Amino acid sequence: MILFDGSRDKSYHSGVVEEGSRSIDALPGQRHVHVHLNVPYATRSGVDLHVHVIQSCLDLTYATWDEMVAERLPCIVFVQGSGWGPQDMGSTMDFWVRFAHRGYVIALVEHRPSSVAPFPAQIEDARTATRWLIEHHERFCIDPTRVALAGDSSGGHVALMAHATEGLGLFDETPEQPWPIAAYLAFYGPSDLSIGNQEPTTCDHEGSGSAEGRLFGGVDLATIPDLVQQANPTRWIVADRALAPLLMMHGTKDRIVPLEHSLRPPGTQPAALPCPARGSTASRTHPSAQWRPRRAGRVMDRRAGRHHRPVPRHGLLCGCCSVNGGLQTAHRYRIVMPLSLVSGMRAHAADLA
């Protein structure tokens with residue numbers, strides 16, 4: 001028999017010792033994760049919308065309850081990709097639970113599917129959920145000054161749209177309320193829906209039955225060019241408007257959302273992180289979705305804490321940096337990455353392999 005000795009107060013220890021057993025000290029200082037499932041945040045179009053909150057917390061074996069609830073941790077609000085349709089909210093739970101152990105609160109956001117409410121309902125819901133989480137920050141030990149909005153695939157598009165239109169009062173049910181988002185992260189998010197089928201792809205991006213067509217109510221994109229432009233994050237990027245930092249990650253063999261969406265947004269220089277992908281280019285999944293669980297955590301958290309005190313090692317991911325004494329050209333558009341990645345991608349090849 002093995003007995004784990006982890007209590008801070010030795011008065012609670014049993015004095016019973018069984019012959020042949022031995023005691024092993026438990027490791028102090030380990031972080032735990034508590035998951036709040038299906039927390040309602042709003043009702044829209046007759047649909048109850050929920051968030052799953054993955055809360056990093058101290059080990060109560062060593063910490064008191066007051067110490068645990070006094071923590072204020074950075075929060076990543078994540079919009080699960082789904083082709084703007086019904087979301088499988090558990091598909092990335094494993095990755096985010098592991099990431100929460102780094103000292104983050106993760107909130108997985110449900111939005112209305114396009115079959116219920118077309119564009120721009122998904123961006124509106126993401127903003128509503130984010131503000132709800134900030135309003136209830138004490139319940140989940142969130143630091144309201146360190147909140148990032150993230151998403152993958154169509155969820156990445158939602159994050160990109162929220163980033164590109166911040167401060168404009170667009171696609172927002174309550175534009176008069178503050179929007180204190182510190183950073184954005186997009187995994188293989190579409191930045192220009194007008195690209196359509198121009199790049200190699202395994203699925204249609206233009207017809208009425210495509211994910212993009214369903215986003216606008218089941219119409220062919222060629223018939224609504226003005227509305228498509230409204231849904232393009234690149235439509236709203238201008239050089240003289242400062243935005244929060246944005247980190248983009250994209251697989252080099254992605255044939256669902258082509259890499260072009262992240263490499264060359266109009267008017268900017270490439271500032272995305274291409275993720276080397278193995279396997280067939282005809283894959284039905286995003287190659288960078290395979291890259292993310294093993295490596296993205298190291299990239300996202302590489303420079304954590306540098307700009308956001310006082311939580312050492314658990315600061316919000318941030319790409320604000322100076323390169324060779326001056327800002328990168330793309331920094332004007334806040335499509336940026338950590339200095340170590342912008343200026344030395346090759347130096348990190350071994351770490352990313």
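Since every read-out is calculated from the coordinates, none of them should be taken as a lab result. Because the structure is predicted, anything quoted here is derived from the model rather than measured. Every residue, glycine as well, gets a Cβ built from its backbone with ideal geometry; the counts of neighbours run over all protein chains shown.
When Tyr41, Tyr184 are sorted by how many other C-beta atoms sit within 10 angstrom of their C-beta, beginning with the fewest, the order is Tyr41, Tyr184.
Which order do Cys75, Cys57 fall in if you start with the one that has the fewest other Cβ atoms within 10 Å? Mind showing how you got there, number by number?
Details: Cys75 29, Cys57 20.
By the 10 Å Cβ count, ascending, the order reads Cys57, Cys75.
Fewest first, what order do Arg22, Arg235 take by the number of other Cβ atoms within 10 Å?
On the way: Arg22 9, Arg235 18.
The fewest-first ordering by Cβ neighbours comes to Arg22, Arg235.
Between Asp204 and Arg22, the modelled labels are 6.7 nm apart [label points 7 Å from Cα along Cα→Cβ].
Can you list which of the GluC sites (Glu not before Pro) found in segment 43-123 are DSSP loop residues with at most 12 other C-beta atoms within 10 Å? Don't skip to the end; give the middle numbers.
Numbers: sites: Glu67, Glu71, Glu110; in loops: Glu71, Glu110.
For GluC sites (Glu not before Pro) across segment 43-123 that sit outside H, G, I, E and B with at most 12 neighbouring Cβ atoms in 10 Å, the list is empty.
For chymotrypsin sites (Phe, Trp or Tyr not before Pro), the sites in segment 61-94 that DSSP calls loop and that have at most 16 other Cβ atoms within 10 Å are Tyr62.
When the charge dipole of segment 196-254 is built from unit charges on Cβ atoms (+1 for Lys and Arg, -1 for Asp and Glu) and taken about the Cα centre, the candidate among Asn197, Ala211, Pro245 whose Cα reaches farthest toward its positive end is Pro245.
The calculated FRET efficiency for Gln177 paired with Asp240, based on their beta-carbon distance and R0 = 22 Å, is about 0.30.
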